[in-house]
Protein chains: 4
Amino acid sequence: MIVVMKPNQGEDVIQKVVKKLQNNGYRIYESRGVNNVLIAAVGGDDKYDYIKQALESIDGVERVIPIFAPYKLASREFRKEDTVIRVGDLSIGGKQLQIMAGPCAVESREQLLEIATLVRDSGVRILRGGAYKPRTSPYAFHGLEEKGLEYLAEAREKTGLYIVTEVMDPRKVELVAQYADILQIGARNMQNFPLLMEVAKYNKPVLLKRGLSATIEEWIMAAEYIMSQGNHQVILCERGIRSFESIYTRNLLDLSVVPILKELTHLPVIVDPSHGTGKWRLVAPMARAAIAAGADGLMIEVHHHPEEAVCDGPQCLKPRVFKELLKEVEKIASVMGRTGD
Amino acid sequence: MIVVMKPNQGEDVIQKVVKKLQNNGYRIYESRGVNNVLIAAVGGDDKYDYIKQALESIDGVERVIPIFAPYKLASREFRKEDTVIRVGDLSIGGKQLQIMAGPCAVESREQLLEIATLVRDSGVRILRGGAYKPRTSPYAFHGLEEKGLEYLAEAREKTGLYIVTEVMDPRKVELVAQYADILQIGARNMQNFPLLMEVAKYNKPVLLKRGLSATIEEWIMAAEYIMSQGNHQVILCERGIRSFESIYTRNLLDLSVVPILKELTHLPVIVDPSHGTGKWRLVAPMARAAIAAGADGLMIEVHHHPEEAVCDGPQCLKPRVFKELLKEVEKIASVMGRTGD
Amino acid sequence: MIVVMKPNQGEDVIQKVVKKLQNNGYRIYESRGVNNVLIAAVGGDDKYDYIKQALESIDGVERVIPIFAPYKLASREFRKEDTVIRVGDLSIGGKQLQIMAGPCAVESREQLLEIATLVRDSGVRILRGGAYKPRTSPYAFHGLEEKGLEYLAEAREKTGLYIVTEVMDPRKVELVAQYADILQIGARNMQNFPLLMEVAKYNKPVLLKRGLSATIEEWIMAAEYIMSQGNHQVILCERGIRSFESIYTRNLLDLSVVPILKELTHLPVIVDPSHGTGKWRLVAPMARAAIAAGADGLMIEVHHHPEEAVCDGPQCLKPRVFKELLKEVEKIASVMGRTGD
Amino acid sequence: MIVVMKPNQGEDVIQKVVKKLQNNGYRIYESRGVNNVLIAAVGGDDKYDYIKQALESIDGVERVIPIFAPYKLASREFRKEDTVIRVGDLSIGGKQLQIMAGPCAVESREQLLEIATLVRDSGVRILRGGAYKPRTSPYAFHGLEEKGLEYLAEAREKTGLYIVTEVMDPRKVELVAQYADILQIGARNMQNFPLLMEVAKYNKPVLLKRGLSATIEEWIMAAEYIMSQGNHQVILCERGIRSFESIYTRNLLDLSVVPILKELTHLPVIVDPSHGTGKWRLVAPMARAAIAAGADGLMIEVHHHPEEAVCDGPQCLKPRVFKELLKEVEKIASVMGRTGD
C-alpha cells in the first residue's frame, strides 16, 4: 500500500506510521518531496484492512492507497489456468458453452415438467427454476419451497437435465443441496456472508450472482469467501447492475466484466440477460453480445406462457423465441471457437 | 395501474388485457386516442406484482405504470400519526432526539466498558457496538460473537445504556435478541428476506439500515416485510448509498430521504453520518445537517483510540470531538424544537 | 399523461386540473376509485413539459406520469424504415458495417498521415482524430486546432478516407464543417444546446455521443434538437456512462442501448469501445459484443505509438492489435448478416 | 504518482518507465518486493495527464495511481484563507450568508418585477432568473433572451437587488456580462470548456454549478479552468446529482460536498435545494440542512404563481412558504455563527 502523508508533517508522525507498518511485517520505502512524503509498504498484506484503517485514523495521514488486489485464491496469480467446473458429464468454463434455462419460479409440477422437456429438447443441459424466490414485496409469491425442490428433482429424473436453483437462507442450504446440482446465490445475497460460508460446505458448484451495486472487487471477494472455506467451484454470473436509467431497462447489463473477470480471475463467467435487461426483446441481442464478449455460458428465463408466469414474465422467452436465440448464439459461439457440446 | 397499449392494437388484444384485469378484481377505465389506448385499473392491488408482469408479457402492451405505492402498513395513509417507539424509558420518533453511539465493533471487555462509560457520561442513552461484523474480506476480523454480546450486556448493566447491535444470520436472531434492546439489520441485509422475517418475531424494535443501492420504495418494502409479521417497531436508518464519487467519501449520504420518508411513512428516521461519509471530519457537519433536515436521531461511531480500532477507525470520533459534536447537534436540535431528553 | 390526484381531493381541485388540461387541448378520461382519482389526458402533447410542471405545482396533485415519449422526428413512429446516412460513397446504418478509426488527437502531420495510411490499408473507410480536444484539466493538451483540421484534410486527400472530427464551440462549427465529413459532438456536449443548434445548420451528418449520465430519452431528445432544425442525419454513438466502478474501467459501456435505440428510433447506432472502456485490452471483446448486439459500426482509437500519444494512449490499439480486431469483428459481422463493404 | 508494475517484469521494462519519468523531470523512488515493483515519482506534475497515459500504455505497467490533486489555484494549499467574493456591497463566502432567489425563468416584465419586489422585501439581496434556459426538449420554452436581460436590469434598478443569470453560449457571454452581476454556468455546461474560458474574461464572479455526474475533482478542475485565465472569483454551487432514485426526487442533493469542498478549496460554496430536489416540499428541510452543513448561501426558486410558471413550477416556493423558509434558515444560520447582513 502507499501511505500519503499530509503536507509538512513532523518526523514524529512519519515515524509513527513507519513503526505501525514495520510492527505488522511490512517493508518500507519512503519517497520524500519538498513538502510531501509517501511511504510505500510491501509484504504483510494479511492484515491490510486493519492497517489501512488504522493508518487513516492517524491525523497526519492524507490517505492510504491499496496497490494489490485483496483476493488471493480467486486471482489469476494464484491459478494461471482457467478453472473448469464439472457437473456430471458437463464442464463449465471450458471450451464447451453452457446454457442454463427454465422458468423464473417453479410454479407447479406440470409447468416445470413441460418447460423442462422443451428445454431438454432444444439441446440445453441445465435447468434453472426457483423454489425459493426473493421478492421485493412481502405480499408476492415466494416460491413452492420444498415442494418446488421435489419437482426439480423429478424434472431431472425425467429429462436428464442438471438443476441450478437458488438458496436464500443458511438454514435451508442443507435441504437445497440435497436436490440441486448447482447452488445459486442471488444478487441480493452476494454479501450475505453467513450464507456464503454455509454454501461453501457442501462441495457443490456455486453460481454467484453479482450484487446490484457490487464493484468487481467486492464480487470477487464474495467468491473468495466461498473459496476460503475450501470450495473452489465458483461460477460468476453477471445479471445487471443498478443505474440511473429506469424506463427502458430493469437493470444495466455490464458486459465489460466478462473480459475483466477473465483477466483478474480463473473462474468461469456466465451472463444472465433475462434479469440483466428485464425485457424479453433485449434477451437475444444481449445473449449474443455476451458470448461475443467471451462469456462461458448463459442463464435464460423461458416460459411456455409468460402471461401466466407468477414472476418475471416480461423477461421470459417463449419456446419459439428461445429456440431462435439458441441458433443465433450457436453461430456466435462457433465464431468464438466454442462448441455446444 | 395504467396499462399503455402499443399503437394500433386490435380489439382482441385490448379485451385480453381488460379481461385479465377484471378477473383479478380491478375496475377499468379506458382512454382511447387516435392510435393509442390507455387502460386505467383501480382496486384489486393485492396482486399488483403478478398482474403487472403478466400484462407486460402480453405482446400488445407497451408498459404498465404503477400508480399507488406497494406498501401499506408503513404508509402515512395507514397511520396518520408518527410512530413513537419505546425502548425502556426512551422514545424514538417523538420530540426527543436520540443518539446511538459507540464503537464499530466490540473489541474487548475493557474497550467496550471504557467507551460505554464515556458515551453515558456525555448524556447519550443508547450504545452501539457490533458483536457480528459483516466484512468485505473473509480474512478480516468478524467480531467477538457471543462473547461480544455478553460484554454489551455487561456494559448495559454498568452504565444503564440501552443496546443496539447488528444481527446478520437468521440462526443467531434468537441469541442476539436475548442481549439487544434494538436489533440492527445492516445495509447489506436490507433485502435478506429470511432475516427480516426472523427479526420480526421477537417483539423488539428493529433498526433497518438502507441498502447501498436501495430505492426509497424498496427500503420501505423491507420495513413492510417486518411489519407484515406483526412487528410495527421499525426504525429507518440512512447510512449512505453508492455513487460514482469514490475518492472523497466512502458512501454518499442522502439526507433528502429524511423529509421524503417523513411524508411517505409514519416510522422514525435516523441518520448514520459515520458510515454515511466514512471520514470523521465529515461526521459533525453531516450530523448537524441531518438534524436540520428533520431526523429523529443519529448513530455515531466513537472510539477512544481510533488508530487501534479493529474496524472503521477513520470514521470514528475521538471522545473530545464527539462531545463537541453533541453540543453542536444540541443547538440545531433546539432550533428544530427537539429536546435532548 | 396521467395525473394522479392525492387522496380525498375536493371537486374544485379536480376541476382545476381538468380545466387546465382542456384549455391546452387535451381530451380527458377520469378514473374514480373510492378515495383516489386518476385523470388521463390525451392529445395536445406539444406543451407537455409546461403542462406537467404546471399540474405538479397544484397542491392536490400527487404526480404526473408521462405516457408517450417526448421525441417525434427521431421516433420509429415518425419513420418506420432505418435511416441510412450517406457519406460520399459510404452508407451508415445500412447493411454495411462502418468502422471509424484513428488517433485520439491529431498530434502532428507525420503522426496523422502514418496512422491514416495504416487505417486505410486495413480496409477502414473513415478516419477519426481530434483537432479540438475537451480535457478535464486546463493544463493539458487541447489540440492543434485549425492546423489539426488542415492535416485531417491532407490525410483525406492522400488516403481517400472520410473524416469525422469533434467540434466543441459553436463559434468554430463553420470552420470545422469546412474540413469534416461528419461533425462529432462529444459526450460532455450532448446537452450543449447552442452547439446542437449550430451543427444542425451545415447539412452534414452529426455523430452524437451519449452524455456520461444521459438517460436514453435525454439522448434521443438531443438528437431531436438537431433534427428539429431540419438536419435528420444523426448518428448515435454509445461511449460508456458513469458508474460506481472506478478501478477496472474508465466508463461503463452500455450495450443494451443498441437494441433499445433500434426499437425506439430509426437512427444509426455505433459504439466506441475505446472510450467506453478506457483499456485497450477490453476494446476487442467489447467491439465484438457491440456488433453482436446489432450496432451499425464502431469508433476505435488506433495509434502506432500509444506510449507517445498525447492523450488516451491506454485505450489505443497498436496497428497489429487493430488488424486482429478487424478480423474478429468481420467474423461476427458476417454471422449478423453484415457486410464490410 | 505511483506506477504499479505487473508482476515479474524484466529490468528493461522497469528502466523504460524510469527513463520516461526522469526525462519529464520526476524524481524516482523504487520499492521492490519479491515479484512486484512500485515506482513512486515526485515533482514534474505539470504533465501529469500526459505521463499517466503514456505510462499506462507501456505493456508491463499495471496502473498509475495519482497521489496529488490535479488542481492548483483552487486548492487550500495555494490559498489558506477563504476567498470572499465582493458583489457591490455584498460578500459571498464570508461570515455573511447569501440567498439568491427568484423565478426559474424570466417570463415577462410584470412577473419579474413582482417577484423581485417580494424577494427584496423579504430581505434577500440577490435576484436569480433565467433569460436563456437550457431545456431537454427543443420544443420547450427557451427564455426571453435579451429581452429577459433587460427586464433583469430594470428589476435591479427598481429594487437594488444584484442579478445572477445563466449564460449558455460563448457568443452571448459579452452580452450577458453587460447585464449580470454574477454569471451562472449551469450543470449541463460545467465541462463546456470554451464557455468556461469565455466567462473568465469579464472580471465578474462566476457561479459554477456542479455537473449531473461530476466527481468532486472534475468540478474543482472546471473552477480551475476559469481561475487559470486569471479570474479567481468562482462560487461553487451544488444542485443535485444523478442517482438511481427516480420517483421521489428529481436529483440527489449531495450535501457532503459542502464540508469536503471547504477542506479542499478556498472557494465559496452555495447550495440550490430547488433543483437539488425538484419538489418544493423538500426545499425548506434541505435548505436548513445545507446551512447546517456549512454552506455559504442558497439559491432558491420563488414564484408567485407556480402553477403558471413556464418552467420548474413544482420546485418553486410560493411567497408565503419562502418567507417561512427564510425564518428557519436564519435560525440555523445564527446557530452556525452566520449573520444575515
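The values are calculated or read from the model by the stated rules, or taken from the named source; none is laboratory data. Just so it is clear, the model here is predicted, and its values are computed rather than measured. Neighbour counts run over all protein chains shown; Cβ positions are idealised from the backbone, glycine included. Heavy atoms of the whole protein, side chains included, go into the accessibility calculation; ligands, DNA and RNA do not. Shrake-Rupley method; radii C 1.70, N 1.55, O 1.52, S 1.80 Å.
Quick look at the numbers
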quantity: Test: residue in region B:261-275 that is within 9 Å of chain A (Cβ to nearest Cβ) and surrounded by fewer than 22 Cβ atoms within 10 Å (Cβ to Cβ); calculated: no
quantity: Top-ranked residue of region D:76-119 - restricted to ones that are of a type in the set (Gly, Ala, Ser) and more than 23 Å from the chain's Cα centre (by Cα), ranked as nearest to D:Phe141 (Cα to Cα); calculated: D:Ser108
quantity: Among (1) closer than 20 Å to C:Ile67 by Cβ; (2) more than 9 Å from every other protein chain (Cβ to nearest Cβ), the one test that B:Asn24 misses; calculated: (1)
quantity: Residue within region C:8-23 that is outside the structural domain of C:Leu208 (by TED's automatic domain parsing), within 36 Å of the chain's Cα centre (by Cα) and either touching a residue at least 40 places away in the same chain (Cβ under 8 Å) or not in a helix (DSSP H, G or I) (or both) present; calculated: no
quantity: Only one of C:Ile260, C:Ile270, C:Ile291 that is hydrophobic (A, V, I, L, M, F, W, C), touching a Phe, Trp or Tyr at 6+ places or on another chain (Cβ under 8 Å) and assigned by TED's automatic domain parsing to the domain that holds C:Lys327; calculated: C:Ile260
quantity: Matching residues, region C:171-194, being more than 8 Å from chain D (Cβ to nearest Cβ), open to solvent by less than 20 Å² (accessible area, probe 1.4 Å) and of a type outside the set (Val, Ile, Thr); calculated: C:Ala177, C:Ala180, C:Leu183, C:Gln184, C:Gly186, C:Ala187, C:Met190
quantity: Residue within region D:57-80 that is in a loop (DSSP other than H, G, I, E, B), crowded, with 21+ Cβ neighbours inside 10 Å and of a type in the set (Gly, Ala, Ser) present; calculated: yes
quantity: Complete set of residues in region A:89-109 that are among the charged types (D, E, K, R) and part of a loop (DSSP other than H, G, I, E, B); calculated: A:Asp89, A:Lys95, A:Glu107
quantity: Qualifying position, being over 21 Å from C:Glu30 (Cα atoms) and either at pLDDT 85 or above or open to solvent by 30 Å² or more (accessible area, probe 1.4 Å) (or both), among B:Gln22, B:Gln9, B:Gln15; calculated: B:Gln9
quantity: Out of D:Gln191, D:Gln233, sole residue that is touching a Pro at 6+ places or on another chain (Cβ under 8 Å) and farther than 23 Å from C:Ser243 by Cα; calculated: D:Gln233
quantity: Any chance A:Gly148 is under 19 Å from A:His304 (Cα atoms) and small (Gly, Ala, Ser); calculated: yes
quantity: Subset of region C:278-317 [open to solvent by 30 Å² or more (accessible area, probe 1.4 Å) and within 9 Å of chain D (Cβ to nearest Cβ)]; calculated: C:Lys279, C:Trp280, C:His305, C:Glu307, C:Glu308, C:Val310
quantity: Of the criteria (1) modelled with pLDDT of 85 or more; (2) within 14 Å of chain D (Cβ to nearest Cβ); (3) surrounded by fewer than 16 Cβ atoms within 10 Å (Cβ to Cβ), which one C:Asp46 fails; calculated: (1)
quantity: Of residues in region B:117-159 being within 17 Å of B:Val176 (Cβ to Cβ), within 14 Å of another protein chain (Cβ to nearest Cβ) and part of a loop (DSSP other than H, G, I, E, B), the one most open to solvent (accessible area, probe 1.4 Å); calculated: B:Glu145
quantity: Within region A:189-218, tally of residues that are in contact (Cβ under 8 Å) with a residue 40 or more places away in the chain, farther than 19 Å from A:Leu90 by Cα and outside any strand (DSSP E or B); calculated: 4
quantity: Positions within region D:223-276 being in contact with a helix residue (DSSP H, G or I) (Cβ under 8 Å, 6 or more places away or on another chain), assigned to a helix (DSSP H, G or I) and among the acidic types (Asp, Glu), in sequence order; calculated: D:Glu263
quantity: In region A:195-214, the residues that are open to solvent by less than 10 Å² (accessible area, probe 1.4 Å) and within 19 Å of A:Gly276 (Cβ to Cβ); calculated: A:Leu207, A:Leu208, A:Lys209, A:Arg210, A:Gly211, A:Ala214
quantity: D:Leu236 vs. criteria in contact (Cβ under 8 Å) with a residue 12 or more places away in the chain and facing another protein chain (nearest Cβ under 7 Å); calculated: no
quantity: Restricting region A:215-247 to residues that are β-branched (Val, Ile, Thr) and surrounded by 24 or more Cβ atoms within 10 Å (Cβ to Cβ), the residue that is nearest to the chain's Cα centre (by Cα); calculated: A:Ile235
quantity: Residue match in region A:9-19 (condition: closer than 30 Å to A:His232 by Cβ and either touching a His at 6+ places or on another chain (Cβ under 8 Å) or of a type in the set (D, E, K, R) (or both)); calculated: no
quantity: Subset tally (residues that are polar (S, T, N, Q) and either at the interface with chain D (Cβ under 10 Å from one of its Cβ atoms) or out of contact with any strand residue (DSSP E or B) (no Cβ under 9 Å at 6 or more places or on another chain) (or both)) for region C:208-233; calculated: 4
quantity: Residues located in region D:27-43, provided they are more than 9 Å from every other protein chain (Cβ to nearest Cβ) and open to solvent by 10 Å² or more (accessible area, probe 1.4 Å); calculated: D:Val37
quantity: Per-region count, region C:27-58, residues under 18 Å from B:Pro66 (Cβ atoms) and among the hydroxyl-bearing types (Ser, Thr, Tyr); calculated: 1
